[in-house]
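Novice: This is the structure, below, for whatever I ask next.
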Amino acid sequence: MFELLGITPQGLVAQLLVGLINGSFYAMLSLGLAIIFGLLNIINFSHGAQYMLGAFAAWIGATQLGAWIGNPEFSIGYWPALVLSPLLIGASGIVIERTMLRRLYHLDPLYGLLLTFGLALVIEGMFRHWYGISGENYEVPESLTGAFRLEGIGLALPKYRLWVVAASLAVCFASWVFIERTKLGAYLRAGTENPALLQAFGVNVPLLITAAYGYGVALAAFAGVLAAPIFQVSPLMGSNLIIVVFAVVVIGGMGSIMGSIVTGIGLGLIEGLTKVFYAQASDVVVFVIMAIVLLLRPAGLFGRET
Amino acid sequence: MPEAHAPGTEYLRVTDLHAFYGEAHILHGMDFVVNRGECVSLLGRNGAGRTTTLRAILGLTGRRSGSIMLNGREAIGMASHRIARLGVGYCPEERGIYASLSAEENLLLPPVVASGGMSLEALYAMFPNLAERRASQGSRLSGGEQQMLAIARVLRTGARLLLLDEITEGLAPVIVEKLGEVIRRLREADYTIVLVEQNFRFAMPLADRHYVVERGRVAEVVGKGEVEGRMEMLHEYLGV
Ligand SMILES: Nc1ncnc2c1ncn2[C@@H]1O[C@H](COP(=O)(O)OP(=O)(O)O)[C@@H](O)[C@H]1O
Ligand SMILES: [Mg+2]
């Protein structure tokens, strides 16, 4: 049957893996967007730039930092970068929230959107100025080079890509458990629904909002580090990806945690399958689905209709 | 510490309280006092400004001025979460049950602000219905259950001053009766209570003093013993 359609099982599995990887990035990024939207009520348009910053922080740590501090031997490897880059970029997000976003909460959410959009342009512009758009290579960490071979069907699964899928699923699942099962997670859900009352109960909601923004941004940076060895580290890597992620968020339903994870993975897989069966449509399939969902269920698949 | 105050000490004193929503000037100099262990009611027609008074005490309105002395501390300039931590429990008019949280998560949500709050077991003993519904989503509870939950939720935190807004609104007579019983038990347990009510007959036997609110200020004060003699005036103000 496969032969009839001109499709090989190897091609199918390979595209499914590509879809799963893309879906992992969609899931991590839209999860962060959902958390941020829930508490800040703004769509974080600098999310793509912060994902790019995460990748760049890892690349700079590995290749540039040594020269900057006058010790060419010094470099920060992949594993430390996987922790340090999200911490650093998350902290920069906290500064942005405290110094800028905070001033806009009493205004229409559109202002927050414009501010974050402007920030994205500024950040990407600076990196384009410094590093150009050609893109930099980031080495796969030594422990994850090579591939698992499935001799039966003559297929090689690169170890690094499997790691990316596993790591992002783990992070998404852990975030979900945290939000659904812990006290702080209950504050987060309550703050999404009615923050004023939550604060009147004695919860420091402004601090909760700062933490949520920091976490969402750190998640984007984490995705950026995971992406660095797969895609080129370039100033535009975020803006290419984020457009699809916004479509994912719209499809899943603004602000739904589980919705953003499931939709992210699902759409990655659908994209992969489309590449196999009708490659010409693979770039637009997500947007076609978005249009259909908006027509049939404007609040998104997992969103609450109001 | 509440223990430091002898009975009869004032617990909440609101003086010349003005509050705004945006440009709308809603409270025009509210004045009232609640002593420790007392229950007072704020009566008035719809739109008189009673809900706004409670919200202003908690810092939930826009700009406000005047003075709110809470247990010896000036709260007018504080953020809401600090005010709550002075020992204030709030039951909002719309009940404020979180739809995305289960009944028990709602119950456990408000942080403990002082020692001496009721335990989960004691609360479930007081409101047996809630025990049965503990796993239900907040959105699935009946109106009566939501109201019980909204009250139970603030009794866990150790707050000694309860601001209760229209707790009988829209509830069946049996549930109203049950709520009256709960208020009586809370009074015996020395809670200090501000009862905003539309239902004068509910408030009458419970409160030590009634403040009649009209257009954002206190128009009349009626002591418990004076109610009979001033019925006509009350009818006029409340339109009952
Ligand atoms: N969020 C708000 N924005 C503007 N005006 C409000 C708001 N909430 C209440 N008001 C107005 O404030 C006045 C007092 O309302 P409220 O305090 O709810 O009265 P009560 O609780 O005594 O029925 C009303 O005229 C109402 O229209
Ligand atoms: Mg009211």
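The values are calculated or read from the model by the stated rules, or taken from the named source; none is laboratory data. Only a predicted model underlies this, so the values are computations on that prediction, with no experimental measurement involved. Backbone-built Cβ (ideal geometry, glycine too); neighbour counts: all protein chains shown. SASA here: full protein model, heavy atoms, side chains in, ligands and nucleic acids out. Shrake-Rupley method; radii C 1.70, N 1.55, O 1.52, S 1.80 Å.
Novice: Give the residues of the range B:108-123 that are open to solvent by less than 50 Å² (accessible area, probe 1.4 Å), more than 16 Å from the chain's Cα centre (by Cα) and within 11 Å of chain A (Cβ to nearest Cβ), sorted by residue number.
Specialist: Scanning the range B:108-123 gives B:109, B:111, B:113, B:114.
Novice: Identify the residue in the range A:188-209 that is open to solvent by less than 10 Å² (accessible area, probe 1.4 Å) and closer than 21 Å to residue A:174 by Cβ and, among all such residues, is farthest from the other protein chains (Cβ to nearest Cβ).
Specialist: A:191
Novice: Here's a follow-up. Given the residues A:134, A:92, which is the only one that is of a type in the set (Ser, Thr, Tyr) and assigned to a helix (DSSP H, G or I)?
Specialist: A:92
Novice: Within the bounds of the range B:129-148, is there any residue that is of a type outside the set (D, E, K, R), within 16 Å of ligand 2 (Cβ to nearest atom) and part of a strand (DSSP E or B)?
Specialist: Within the range B:129-148, not a single residue is of a type outside the set (D, E, K, R), within 16 Å of ligand 2 (Cβ to nearest atom) and part of a strand (DSSP E or B).
Novice: Check the range B:88-104 and report whether any residue there is more than 8 Å from chain A (Cβ to nearest Cβ), within 16 Å of ligand 2 (Cβ to nearest atom) and at positive phi.
Specialist: Checked the range B:88-104: at least one residue is more than 8 Å from chain A (Cβ to nearest Cβ), within 16 Å of ligand 2 (Cβ to nearest atom) and at positive phi.
Novice: A further question on this structure: For residue B:58, are the conditions met, namely being within 13 Å of ligand 2 (Cβ to nearest atom), open to solvent by less than 10 Å² (accessible area, probe 1.4 Å) and closer than 23 Å to residue B:169 by Cβ?
Specialist: no
Novice: If you don't mind, there's one more thing I want to ask. Could you list, in sequence order, the residues of the range A:55-79 that are under 14 Å from residue A:224 (Cα atoms) and open to solvent by 10 Å² or more (accessible area, probe 1.4 Å)? Even if it seems obvious, please write down each step before you answer.
Specialist: Looking only at the range A:55-79, we keep the residues that are under 14 Å from residue A:224 (Cα atoms), and these are A:55-61, A:78-79.
Of everything in the range A:55-79, those that are under 14 Å from residue A:224 (Cα atoms) and open to solvent by 10 Å² or more (accessible area, probe 1.4 Å) turn out to be A:57, A:59, A:60, A:78, A:79.
Novice: Do you know which residues across the range B:163-191 are away from chain A (no Cβ under 13 Å) and within 16 Å of ligand 2 (Cβ to nearest atom)?
Specialist: Keep residues of the range B:163-191 that are away from chain A (no Cβ under 13 Å), which gives B:164, B:166-191.
Passing the criteria: B:164, B:166, B:167, B:168, B:169, B:170, B:171.
Novice: Still on this model: For the structure I just gave you, tell me whether residue B:94 is among the acidic types (Asp, Glu), under 24 Å from residue A:195 (Cβ atoms) and in contact with a helix residue (DSSP H, G or I) (Cβ under 7 Å, 6 or more places away or on another chain). Give the derivation first.
Specialist: Numbers: among the acidic types (Asp, Glu): yes; under 24 Å from residue A:195 (Cβ atoms): yes; in contact with a helix residue (DSSP H, G or I) (Cβ under 7 Å, 6 or more places away or on another chain): no.
Against the criterion (among the acidic types (Asp, Glu), under 24 Å from residue A:195 (Cβ atoms) and in contact with a helix residue (DSSP H, G or I) (Cβ under 7 Å, 6 or more places away or on another chain)), residue B:94 does not qualify.
Novice: Which of the residues belonging to the range B:76-87 are within 14 Å of residue A:198 (Cβ to Cβ), open to solvent by less than 30 Å² (accessible area, probe 1.4 Å) and more than 7 Å from chain A (Cβ to nearest Cβ)?
Specialist: B:83 - this is the single residue of the range B:76-87 that is within 14 Å of residue A:198 (Cβ to Cβ), open to solvent by less than 30 Å² (accessible area, probe 1.4 Å) and more than 7 Å from chain A (Cβ to nearest Cβ).
Novice: Separate question: Against the definition (within 14 Å of chain A (Cβ to nearest Cβ), within 16 Å of ligand 1 (Cβ to nearest atom) and either touching a residue at least 12 places away in the same chain (Cβ under 8 Å) or more than 15 Å from the chain's Cα centre (by Cα) (or both)), how does residue B:158 come out, yes or no?
Specialist: Criteria not met by residue B:158.
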